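Here the structure is laid out as structure tokens; the discussion comes afterwards.
The values are calculated or read from the model by the stated rules, or taken from the named source; none is laboratory data. The shown structure was predicted, so the numbers you read here are calculated from the model rather than taken from an experiment. Because the Cβ atoms are built from the backbone with ideal geometry, glycine has one as well, and the counts that use them run over all protein chains shown. The area values use the complete protein model at the heavy-atom level, side chains included, leaving out ligands, DNA and RNA. Shrake-Rupley method; radii C 1.70, N 1.55, O 1.52, S 1.80 Å.
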Amino acid sequence: MMEFRGTGIGQGVAVGPVVRMSERLPEPVDRPSHLDPAREEERARASVSVVADDLQRKGAQAGGAAQDVLEAQAMMAEDPTLMDDVVKRLADGKTAERAVFEAFAAFRDLLTSMGGYMGERAADLDDVSQRVVAHLLKVPAPGVPNPGHPFVLVARDLAPADTALLDLTQVLGLITIDGGPTSHTAILAREKSIVAVVGAADAASLADGDTVIVDAENDLVVSSPAPDAVAAAKERIAERAARAAAPVTPGALADG
């Protein structure tokens, strides 16, 4: 049994097998483009537009806070300053893939250096960059796996678009290695009542199939828990479900 500390979102608990998020796309190769800069700019702008439209569509589908987050990401994708940086790199003979990667990475470093709330937005920018590069390469963007059974998702961090559209009949809980309580992952997990522990750095050692307890109330992840710990966690899950299903009486409201 191993225990990892992070920041719990809410007071829930979940038990299940780990499924890890697919790995990020590799860094695009830095090679001279065989196209002229104007053609590469057309490619870059077209992919940015497709990604922004997709984020807007997913936001409208999700609604609530998720819509605000995804619309903000769409605006980030089409930020004129970012595109100006992309165009400058294209003028130096870079491919659209590489220019997008470098321009977004430079802005990401700026946000990270600012720390706090702005630093948390760096992960959102990474997600936009990955989606644009994937579209340029004509490959699927990294996303939430679908193993065909309920699972606890473990990710370096989770993109807002993925968090907003998680299938809650399959995702029992969420563990992120990076991120914090003000990240968009945490904000959306809280809104959707997903049992989550974020910023659990040691969870990087978890592997597919490991059984874990995600104890948000106690800011804790337990790997390979003992049978009695699993039983206690399942009892807590059942108790919370029973309380949620119980009718609320006027007296109970007065007591709350």
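Please find, within segment 90-141, the residue that is most open to solvent (accessible area, probe 1.4 Å) out of those that are polar (S, T, N, Q) and over 18 Å from the mean Cα position of the chain (by Cα).
Quick first cut of segment 90-141, residues polar (S, T, N, Q) only: 95, 112-113, 129-130.
Retained after the next criterion (residues that are over 18 Å from the mean Cα position of the chain (by Cα)): 95, 113.
Working: Thr95: 6, Ser113: 91 Å².
This residue is Ser113.
Among all residue pairs at least 6 apart or on different chains, which show Cβ distances below 6 Å where the first residue, located in segment 189-216, is in contact (Cβ under 8 Å) with a residue 12 or more places away in the chain and the second is among the basic types (Lys, Arg)?
Note: pairs meeting the criteria are Asp208/Arg20.
Among the helices (runs of 4 or more DSSP H) confined wholly to segment 162-256, which include 3 or more residues that are of a type in the set (D, E, K, R)?
On the way: elements: 184-191, 227-245, 250-255.
By residue number, 227-245.
Take the conditions closer than 25 Å to Gln11 by Cβ, open to solvent by less than 30 Å² (accessible area, probe 1.4 Å) and either at pLDDT below 85 or hydroxyl-bearing (Ser, Thr, Tyr) (or both) and apply them to Thr176. Does it pass?
Numbers: closer than 25 Å to Gln11 by Cβ: yes; open to solvent by less than 30 Å² (accessible area, probe 1.4 Å): yes; either at pLDDT below 85 or hydroxyl-bearing (Ser, Thr, Tyr) (or both): yes.
So Thr176 fits the description; yes.
Return only the number of the condition from (1) free of Cβ contacts under 8 Å to residues at least 60 places away in the same chain; (2) in contact with a strand residue (DSSP E or B) (Cβ under 7 Å, 6 or more places away or on another chain); (3) open to solvent by 60 Å² or more (accessible area, probe 1.4 Å) that Asp157 does not satisfy.
Here Asp157 clears every test but (3).
Run down Thr169, Thr163, Thr182 and say which single residue is modelled with pLDDT under 95, under 19 Å from the mean Cα position of the chain (by Cα) and open to solvent by less than 40 Å² (accessible area, probe 1.4 Å).
Numbers: Thr169 fails: open to solvent by less than 40 Å² (accessible area, probe 1.4 Å); Thr182 fails: open to solvent by less than 40 Å² (accessible area, probe 1.4 Å).
Only one candidate qualifies: Thr163.
For segment 18-48, name all the residues that are of a type in the set (Gly, Ala, Ser) and in contact (Cβ under 8 Å) with a residue 12 or more places away in the chain.
Keep residues of segment 18-48 that are of a type in the set (Gly, Ala, Ser), which gives 22, 33, 38, 44, 46-47.
Correct list: Ser22, Ser33, Ala44, Ser47.
List the number of the failed condition for Val144; all other conditions in (1) surrounded by fewer than 16 Cβ atoms within 10 Å (Cβ to Cβ); (2) not in a helix (DSSP H, G or I) hold.
Condition not satisfied by Val144: (1).
Specify the residue that is farthest from Asn146 (Cα to Cα); the eligible residues are those in segment 26-55 that are open to solvent by 40 Å² or more (accessible area, probe 1.4 Å) and either in a loop (DSSP other than H, G, I, E, B) or of a type in the set (Phe, Trp, Tyr) (or both).
Among residues in segment 26-55 that are open to solvent by 40 Å² or more (accessible area, probe 1.4 Å) and either in a loop (DSSP other than H, G, I, E, B) or of a type in the set (Phe, Trp, Tyr) (or both), the one farthest from Asn146 (Cα to Cα) is Asp36.
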